Structure formats: C-alpha cells, structure tokens
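Inspection log for the structure reproduced underneath, given as structure tokens.
Each value in this text was obtained by applying a stated rule to the coordinates, not by laboratory testing. Keep in mind the model is a prediction, meaning the values are calculated, not measured. Positions of Cβ are backbone-derived with ideal geometry, glycine not excepted, and every protein chain shown enters the neighbour counts.
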Amino acid sequence: MILDGRAPDAIAEAARVLRAGGLVAFPTETVYGLGADASSDTAVAGIFVAKGRPADHPLIVHVAAGAKGAQALSRFAQPLPPFAQKLVQAFWPGPLTLIVTRQPGVGTAAAGGQDTIGLRCPAHPVAQALLEACAEQGVPGLAGPSANRFGRVSPTTAQHVHDEFGDALLVVDGGACEVGIESTIVDCSRGAPVLLRPGLITRDQIEAAVGEPLRDREVLDTPDPRASGTLEAHYAPDAKVRLMDPKAIQTGLDVLGANAAHIAVWTRSNVRSRSQRVLLRRMPDDAAATAQQLFAVLREFDAQGVKLIWVETPPDTPEWEGVKDRLQRAAAA
Ligand code: TXA
Ligand code: MG
C-alpha cells in the first residue's frame, strides 16, 4: 500500500508499524529505503528475508537530525574520531554514510554482526518526519537498505518499490528521489577516511571537509568489511548493459542497420539508427541530472523489453564517479 508521506496520518501509521517490528519503505533524497527498527534484531531480520539478502551483509542505520540524532549516534556508535565529526558537520543531513565503530550489543543484526555500523542522517523531509516520529516512540533509528530485491536496481519512486514488493508492503511516498544514486560511503573506522562507495558528494568535497586525503579501499591491507554495494555485479537490470564510447555505439547501430531491435541507447552524443525499433534516449550533460534519472531509465528500458542497453561511458571527472560506478556494476552483471 502506498501512503502520501506529506499526510501526518501516514507518518503516524508508518511509525506505528515500525514500532511493532514491521517493515515500511520510506523515501530519502538518494533512493527509497526498506526500513525496520534498527534496535530490534527480530525486526531487522525481516529486512533480510524480504530482500533475499545474505544476513551477514550490513545495513545502513538512518537517524534523525538534531538532538534525537545525536542521542542515536551515541547509542549506536562509539565516540567518532575528529575527522568523522568534521564529515557530520559538513554533510549531515545529506547523502553521506559513515562507517564507524559500533557500541557493542546494539544494532547487531543491522550491522550484520560486524563491530562497525553504517550511520546516515538523510535530508529528505519525509524521512526526517518519520525518524522523528519513530524516535518519539522509542525507535532510535531505522535500518534501511535500498528497497529493492538483492542485486537489483535501487528504487527512486514509491511505484518502483511497489513493483518490487507488491501491495503487502507499506510504502511512504515522498516523490521521486532528487539524488537518484545511493549515498557516498566513507569508512571512518580504520583511523583514516576510506571511500567505500562513490556518490553525489565527491571525493574532493570529502577531502576538503576533513583536510586529509581519502584512501581507496584497494590500498588497505586490512580485510574489507562486507559491502554488497561494493560487489562487482550489483544494480543490474534484466537487460545486458554495456558501456561504450559514442563511436563504437554508432558503428554497432550502423552494422545492424534497419534490422536492429531490442536495443536501447543512452548517450550524450548524437547517434542515429536506421531502425525504428531502437530506443534512443538522451543522457543529460551533467552528472547530477544523470544520477537522478539513472535507475528509472534502466527500469524503463527493462519494462520496454529490450535485451541490450548501450550506454555512453561517462567522463572521468570526480562528479561522474558515482554514476560511472553504478553503470560499471550494472555492466558487470
Ligand atoms: O543512499 C543510501 O545509502 C540508501 C538509502 C536508503 O539510505 N541505502 C543504501 O543501503 O544504499 P544498502 O544497504 O543498499 O547499501 C548500503 C551499503 C552496503 O554496501 C553495505 O554493505 C554497506 O553500505 N555497509 C553498511 N554497513 C556497513 C558496515 N558496517 N561496514 C561496511 N559496509 C557497510
Ligand atoms: Mg542496495
């Protein structure tokens, strides 16, 4: 069932379901999350079952802004190192997740049993209203992975969530997500900031806020925490995705000529096809607009029944890193 998140009744109803240990999908500025009471291991178990996600994959815990959020922070996490505090100051509420050292005994299931926990304070007003209402009822935070089945494209509208899980799941509608790709994740549990997942907040912005260079996960010798968002093949539509330069795309279309079919093309450059059955779609020139559309475009192509999606490789600049990362993973599936 989809409820309008601007209605106070909807927030109250969603908070009631969450307080009782149920699942509710909710909007954030990045993608929709599948929420459960992060302090209840039983409630969180429901997320793993619904998503078909392995139970040792840790989830992000969403917390309110302001005083309630600060309380939640000290409940779930040990005191943050100074560089992590700078990130909180600079980017919360917003599309940034911090991996920090967990308080033993809380959020164990949400953390997938690891001694760290992912925390994020989302900027979406409906998410904040829900987190506030939950905190008032004694639910300190919401464990919330993206509200899609394991390995699939993240949802950026309430309808996408409904398409994944059907009518039995309560979905709070907050409109189409503005950011469109998942939060940037910075691991703050290893003494220096490590970029685990690129997103709208770029590495330059993070380095400027902390005043030290970001490490890459590859250069660390300590074992990596399990992060399904960092699995090679992830975010995959049904169709096969290929990243190509515009010349290769044009050559492919020319070779197939009027017989080309079941192909969708998403490019910034102008390309032409002699077939009416090729879907040509324009990619925005800027990275933020592309991110906003990305998952919806992949879902639309799937819905049209295409077998191949040819995407123009994005530029190698920091703003495009998040989009490029999601496309590479989609292409690896
Ligand atoms: O934008 C987002 O981050 C969205 C919205 C709903 O907030 N959430 C999201 O959650 O993308 P999910 O579960 O699909 O991706 C979270 C990523 C996963 O790759 C997970 O493994 C990683 O964060 N993660 C969570 N806790 C972690 C931890 N303690 N250590 C390492 N990675 C962690
Ligand atoms: Mg996900």
remark   = Assertion target for 86, 240, ordered by fewest C-beta neighbours within 10 angstrom first, is 240, 86
task = Just name one of 88, 255, 184: the one whose Cα is farthest towards the positive end of the charge dipole of the chain (beta-carbon charges, Lys/Arg +1, Asp/Glu -1).
result = 255
query = In what order do 326, 53, 16 fall by count of nearby beta-carbon atoms within 10 Å, going from fewest to most?
reply = 16, 53, 326
key: Relative counts (whole %) of C-alpha pair distances in the stretch 2-219, using bins that are 5 Å wide   = 1, 8, 17, 21, 22, 17, 9, 4, 1, 0
task = Mind listing the long-range amide H neighbours of residue 60? Cut-off is under 5 Å, sequence gap 5 or more, other chains count too, H placed in the peptide plane at 1.01 Å from N.
result = 144
ask   = Order of 196-209, 256-269, 178-191 by packing, highest average Cβ count within 10 Å first?
value = 178-191, 196-209, 256-269
task = For every other residue with a beta carbon closer than 12 angstrom to the beta carbon of residue 63, add +1 if it is Lys or Arg and -1 if Asp or Glu, then tell me the sum.
result = +2
inquiry  = Can you give me the long-range amide H partners of residue 173? Hydrogens built in the peptide plane at 1.01 Å from N, cutoff under 5 Å, separation of 5 or more residues or another chain.
reply    = 3, 4, 5
query = Using modelled amide H (1.01 Å from N, peptide plane; none on Pro or chain starts), what sits under 5 Å from the amide H of residue 97, excluding residues fewer than 5 places away?
reply = 184, 185, 186
note = Note: the stretch 1-50 at 10 °C, 1.306 mPa s; Kirkwood Rh on alpha carbon pairs; Stokes-Einstein D in µm²/s works out to 140
ask   = What percent do you get for the relative contact order of the chain when only Cα pairs under 8 Å and 6+ apart count?
value = 20
request  = Give a residue-ordered list of calculated ³J(HN,Hα) values for the stretch 53-63 (Karplus: 6.51 cos²θ - 1.76 cosθ + 1.60, θ = phi - 60°; whole Hz; x for Gly, Pro).
outcome  = 9, x, 5, 9, 8, x, 10, 7, 9, 9, 10
